[in-house]
Amino acid sequence: MKIRVVLFLLASLVTTSVLSQDEEAVVVNAIIIDANTKEPVSSKIKYESLPYGSKIGVFSGDNFTFNMEGGNDYMIVVNSDGYSAYTETIKVTDATNGTIEKIIELKQNGLNRLIRLEKLIFALGKADISPESHEELDEIVNMMSTNESMSIQLEGHTDFRGNAKQNLKLSERRVEAVKNYLVSKGIDKRRIKTKAFGGTQPLSRANDNESRMNNRRVEVRILTN
């Protein structure tokens with residue numbers, strides 16, 4: 001009888017251990033696409049468990065699947081020629097029914113390419129950055145953090161109406177405000193050039209408020225990558 005009880009307890013422990021491991025396993029399924037065209041992008045993918053990297057794996061292709069084990073978060077790094085490197089920490093708590101589905105959008109990093117900061121909208125005559133603009137600026141921070149050889153030029157524009165000298169100074173203040181934000185997030189100021197155009201390059205010469213607002217902008221030009 002005692003032997004049977006011991007065997008039963010051992011079997012229970014093994015079963016509980018297996019169930020516990022199964023419960024902790026989370027399956028990550030991901031596809032990789034071009035952020036603009038939405039077409040698949042063949043890439044090199046590396047993943048590792050956090051915080052110690054005891055579980056490491058690599059893939060090649062435009063999709064991948066792996067198991068998050070032991071209840072650990074994982075970091076993934078995705079690289080593809082012609083695109084900015086993509087880094088993300090995947091948290092096990094993001095799983096739904098033991099699965100995490102991801103669509104990873106890679107952004108092209110072609111030299112001299114212009115990125116218009118669509119969400120960075122300036123009020124008339126102002127150079128203040130609103131909290132609503134931080135998410136878009138943080139994408140630039142992430143892009144430069146994952147590609148330490150990248151340098152950029154911030155190009156400032158105003159509406160073409162008004163005093164030309166004042167417009168030039170205002171566009172200078174705006175690019176400096178953006179530069180200061182990026183530097184405050186850890187980007188070396190030597191990697192960021194600035195250039196002010198004032199109102200000499202408007203997107204539109206229409207007289208409506210939306211056109212004027214769109215003319216007040218900062219664009220990011222990739223110089224080196």
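Observations on the model:
- From the list I100, I115, the lone residue that is in a strand (DSSP E or B), touching a Lys or Arg at 6+ places or on another chain (Cβ under 9 Å) and more than 14 Å from V28 (Cα to Cα) is I115.
Residue by residue, here is whether (1) under 25 Å from N79 (Cα atoms); (2) of a type outside the set (D, E); (3) in contact with a strand residue (DSSP E or B) (Cβ under 6 Å, 6 or more places away or on another chain) holds:
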| position | (1), (2), (3) |
| --- | --- |
| K107 | yes, yes, no |
| R113 | yes, yes, yes |
| K126 | no, yes, no |
| V141 | yes, yes, no |
| R161 | no, yes, no |
| L170 | no, yes, no |
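- Scanning the range 143-160 for residues that are charged (D, E, K, R), part of a loop (DSSP other than H, G, I, E, B) and surrounded by 20 or more Cβ atoms within 10 Å (Cβ to Cβ) turns up just one, D159.
- Among the candidates G162, G199, the residue that is at pLDDT below 95 and on the phi > 0 side of the Ramachandran plot is uniquely G162.
- The set of residues in the range 103-112 that are in a loop (DSSP other than H, G, I, E, B) and surrounded by 14 or more Cβ atoms within 10 Å (Cβ to Cβ) comprises K107, N109.
- Number of residues in the range 186-209 that are closer than 18 Å to F122 by Cβ and in a strand (DSSP E or B) equals 3.
- The condition of being over 26 Å from V141 (Cβ atoms), in contact with a strand residue (DSSP E or B) (Cβ under 6 Å, 6 or more places away or on another chain) and of a type in the set (S, T, N, Q) holds for only one of T65, T87, T96, that being T65.
- Identity of the residue in the range 22-46, outside any strand (DSSP E or B) and not charged (D, E, K, R), that ends up surrounded by the most Cβ atoms within 10 Å (Cβ to Cβ): V41
- Among the conditions (1) in a helix (DSSP H, G or I); (2) over 19 Å from K107 (Cα atoms); (3) touching a residue at least 40 places away in the same chain (Cβ under 8 Å), I140 misses just one, which is (2).
- Residue that is farthest from M150 (Cα to Cα), among those in the range 210-223 that are among the charged types (D, E, K, R) and in a strand (DSSP E or B): R217
- Criterion (over 17 Å from K195 (Cα atoms), modelled with pLDDT of 90 or more and among the aliphatic types (A, V, I, L, M)) met by exactly one of I121, I140, I152: I140
Results for (1) in contact with an Asp or Glu (Cβ under 9 Å, 6 or more places away or on another chain); (2) touching a residue at least 24 places away in the same chain (Cβ under 8 Å), shown as yes or no for each residue.
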{"residue": "V28", "(1), (2)": "yes, yes"}
{"residue": "P40", "(1), (2)": "yes, no"}
{"residue": "Y47", "(1), (2)": "no, yes"}
{"residue": "I56", "(1), (2)": "yes, no"}
{"residue": "S60", "(1), (2)": "no, no"}
{"residue": "E69", "(1), (2)": "yes, yes"}
{"residue": "V77", "(1), (2)": "yes, yes"}
{"residue": "T87", "(1), (2)": "no, yes"}
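- Subset tally (residues that are hydrophobic (A, V, I, L, M, F, W, C) and over 25 Å from Q108 (Cα atoms)) for the range 201-225: 2
- Residues located in the range 47-91, provided they are over 24 Å from I115 (Cβ atoms), of a type in the set (V, I, T) and crowded, with 18+ Cβ neighbours inside 10 Å: I90
The values are calculated or read from the model by the stated rules, or taken from the named source; none is laboratory data. From a predicted model like this one, the values you see are computed outputs, not experimental measurements. For neighbour counting, all protein chains shown are included, and Cβ atoms are generated from backbone atoms with ideal geometry for every residue, glycine included.
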